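Novice: I'd like to ask some things about the structure below.
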Amino acid sequence: MANTASARKRIRQAARRTLVNHSRLSRIRTFVKKVEAAIETGKKSEAEAALKAAMPELHRGAAKGYLHKNTTARKLSRLAVRINSLA
């Protein structure tokens with residue numbers, strides 16, 4: 001257990017940041033799921049629109065440090081390949 005006041009404060013700050021980070025990651029995952037759902041239906045225009053909406057969310061997550069930049073690039077690349085493979 002934390003003994004100093006600064007250590008106790010750090011614990012409080014970490015708990016608050018954890019909640020914020022969790023909600024932001026959840027939001028990003030929701031956007032990615034929308035893209036994947038659109039891909040499953042096979043409608044290319046819907047999937048492209050969903051990817052266009054998800055792209056800034058993923059990039060923002062990388063910029064803010066919720067995701068690694070290579071993770072963002074990999075996810076976007078794989079989603080784009082799946083969309084381009086639709087008829």
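Novice: Out of all the residues in the stretch 62-87, which are within 26 Å of residue 18 (Cβ to Cβ) and exposed (fewer than 11 other Cβ atoms within 10 Å of the Cβ)?
Specialist: Answer for the stretch 62-87, where residues must be within 26 Å of residue 18 (Cβ to Cβ) and exposed (fewer than 11 other Cβ atoms within 10 Å of the Cβ): 65, 70.
Novice: Assuming residue 18 fulfils every condition listed in (1) in contact (Cβ under 8 Å) with a residue 40 or more places away in the chain; (2) surrounded by fewer than 16 Cβ atoms within 10 Å (Cβ to Cβ); (3) β-branched (Val, Ile, Thr) apart from one, which condition is it?
Specialist: The number of the failed condition is (1).
Novice: If you check 19, 67, which single one turns out to be under 16 Å from the mean Cα position of the chain (by Cα) and assigned to a loop (DSSP other than H, G, I, E, B)? Break it down stepwise before answering.
Specialist: Numbers: 19 fails: assigned to a loop (DSSP other than H, G, I, E, B).
Answer to the selection: 67.
Novice: Anything in the stretch 48-57 that is touching a Lys or Arg at 6+ places or on another chain (Cβ under 8 Å) and surrounded by 13 or more Cβ atoms within 10 Å (Cβ to Cβ)? List them, or say none. Outline the logic, then answer.
Specialist: The first filter runs over the stretch 48-57 and keeps only residues touching a Lys or Arg at 6+ places or on another chain (Cβ under 8 Å), leaving 50, 53-54, 57.
Those that are touching a Lys or Arg at 6+ places or on another chain (Cβ under 8 Å) and surrounded by 13 or more Cβ atoms within 10 Å (Cβ to Cβ): 50, 54, 57.
Novice: Same structure again: Residue 39: part of a helix (DSSP H, G or I), more than 15 Å from the chain's Cα centre (by Cα), among the β-branched types (Val, Ile, Thr) and exposed (fewer than 13 other Cβ atoms within 10 Å of the Cβ), yes or no? Steps first, answer last, please.
Specialist: Values: part of a helix (DSSP H, G or I): yes; more than 15 Å from the chain's Cα centre (by Cα): yes; among the β-branched types (Val, Ile, Thr): yes; exposed (fewer than 13 other Cβ atoms within 10 Å of the Cβ): no.
Taking the combined requirement at face value, the residue does not satisfy it.
Novice: Same structure, new question: Just one of (1) surrounded by 12 or more Cβ atoms within 10 Å (Cβ to Cβ); (2) under 30 Å from residue 86 (Cβ atoms); (3) more than 13 Å from the chain's Cα centre (by Cα) trips up residue 27, so point out which.
Specialist: The one condition residue 27 does not meet is (3).
Novice: Please go through the stretch 23-46 and give me each residue that is more than 18 Å from residue 59 (Cβ to Cβ) and touching a helix residue (DSSP H, G or I) at 6+ places or on another chain (Cβ under 6 Å), ordered by number.
Specialist: Result: 38, 39, 46.
Novice: Answer with yes or no whether residue 15 is on the phi < 0 side of the Ramachandran plot, small (Gly, Ala, Ser) and modelled with pLDDT under 95. Please lay out each step first, then the result.
Specialist: Values: on the phi < 0 side of the Ramachandran plot: yes; small (Gly, Ala, Ser): yes; modelled with pLDDT under 95: no.
In short, no.
The values are calculated or read from the model by the stated rules, or taken from the named source; none is laboratory data. Just so we're clear, the structure is a prediction, and the values are computed from it rather than from any experiment. Neighbour counts run over all protein chains shown; Cβ positions are idealised from the backbone, glycine included.
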